[in-house]
1. Neighbouring Cβ atoms within 10 Å as the yardstick, rank 234, 329 fewest first.
2. What does the charge add up to near residue 171, with Lys and Arg as +1, Asp and Glu as -1, over the other residues with Cβ less than 12 Å from its Cβ?
3. Taking θ as phi - 60°, what are the ³J(HN,Hα) couplings along region 258-267 by the Karplus curve (6.51, -1.76, 1.60), each to the nearest whole Hz, with x for Gly and Pro?
4. Evaluate the distance, in nm, between pseudo-label points positioned 7 Å from the Cα of residue 195 and of residue 313 along their respective Cα→Cβ axes.
5. Using the Karplus curve 6.51 cos²θ - 1.76 cosθ + 1.60 with θ = phi - 60°, work out ³J(HN,Hα) for each residue of region 229-234 in order, rounded to whole Hz, and write x for Gly and Pro.
6. What is the order of 193, 227, fewest Cβ neighbours within 10 Å to most?
7. First select every other residue whose beta carbon is under 11 angstrom from the beta carbon of residue 305; then total the charges, Lys and Arg +1, Asp and Glu -1.
8. Need the full-extension length gain, residue 276 to residue 341, defined as separation in residues times 0.36 nm minus the C-alpha distance. One decimal, nm.
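Readers should treat all values here as calculations from the given coordinates under stated rules, not as data from a laboratory. What you see is a predicted model; the values in this text were computed from it and never measured. Cβ: placed from backbone, ideal geometry, glycine included. Neighbour counts: every protein chain shown.
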Amino acid sequence: MAQLSALLGDEISDADEGKPDFFFGGGGCGGRSRNGYKTIQLTPVRDVSAVRAAAAGVVARPGIRRPKRRIGRGFCRGEGGDCLPVTGLAGFESRRRHHRSRSVFFFFFFFFFFFFFFFFYFFFFFFFYFSVLMVTPPFASWLASAPAATLLSALTARESPAAVLELGCGISPLNAVALRRRVSSFVLSDQEYVQKVLRRNMTAARLDVPEQDAKRQQPRCESAPVYFRPLDWETDAVTAALCAPARCFDVVLACDCVFNEALLPPFVQTCVDVCRLKRELDDAGPCACIVAQQLRSDIVFSAWMTLFLEAFHVWRVPDELLPDELRLEAGFVIHVAILRDA
């Protein structure tokens with residue numbers, strides 16, 4: 001019984017479980033099935049050759065309606081448009097074709113699903129990666145220029161070099177390379193997972209190797225030490241240990257950190273905490289924030305500016321002090337901020 005069901009599909013008559021198996025064969029018109037349609041009553045036949053001969057000689061009977069739901073599941077169309085049972089082998093081949101077509105459908109469905117998933121994943125990954133490359137190199141080049149040096153001197157109001165913290169540095173130490181000769185210490189900060197690749201890039205840029213004088217073969221003390229400190233804006237607190245070896249920071253840099261609206265509150269709060277630490281530990285002047293960003297979404301930019309203005313006095317660096325690739329017409333802006341009085 002189970003083998004026949006697997007081979008030919010479900011039965012179409014209301015035969016009891018105790019009756020013998022029904023093979024394809026001749027027979028009269030039986031009663032009504034559950035759906036009310038008249039069906040062909042199949043008589044038990046034990047000889048397979050008789051089954052095939054009987055199936056080949058079946059003639060469509062008038063008045064027998066075709067069960068539409070059985071098309072493609074072991075039945076074929078006979079003369080006059082009626083549905084007649086086919087042989088076991090033919091029914092088996094029909095079911096094989098049915099399952100084969102369904103398997104092909106699912107194969108192409110999952111293939112295109114995973115293809116588009118990975119395509120969009122890598123598209124957004126490389127889009128974000130190259131967008132960082134678009135902002136960081138020109139910003140680092142500007143930090144090494146004379147207008148930026150004048151701006152930093154005016155912001156820090158210090159005779160000695162300043163201590164700098166960069167938020168969300170990623171895997172790029174370019175800003176540290178640009179300022180290492182003008183500051184006393186430079187701290188790169190980001191989440192812990194970027195540390196391995198970042199240190200590899202720091203080694204390639206010789207940030208962790210003292211420079212050698214070609215004549216005297218001795219280290220020169222012209223470059224500031226560069227450190228990496230893990231700092232998660234959402235979970236980590238800003239303490240004096242983050243500033244070591246300096247007591248506090250004079251400048252906070254953030255390059256292309258304003259792009260995710262969900263991270264705007266913790267980012268702004270981290271900037272506030274760093275600047276407030278300078279106010280509590282040092283009276284030599286305020287801590288300045290320099291934020292460079294690419295304008296991608298007006299919604300994100302407006303949300304960031306609203307939060308930033310609540311805690312800081314904010315100025316936009318005019319285009320006259322910036323290179324062409326960092327100007328507003330190119331889609332980039334740089335803001336300078338000082339913490340408001342409590």
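1. 329, 234
2. Taking every Cβ under 12 Å from that of residue 171, the sum is +2.
3. Calculated HN-Hα couplings, in order: 9, 8, 10, 5, 5, 8, 5, x, x, 5 Hz.
4. Placing both labels 7 Å along Cα→Cβ, they lie 3.8 nm apart.
5. 10, x, 8, 9, 4, 8
6. If I rank by nearby Cβ atoms, fewest first, I get 193, 227.
7. -1
8. So the extension gain works out to 22.4 nm.
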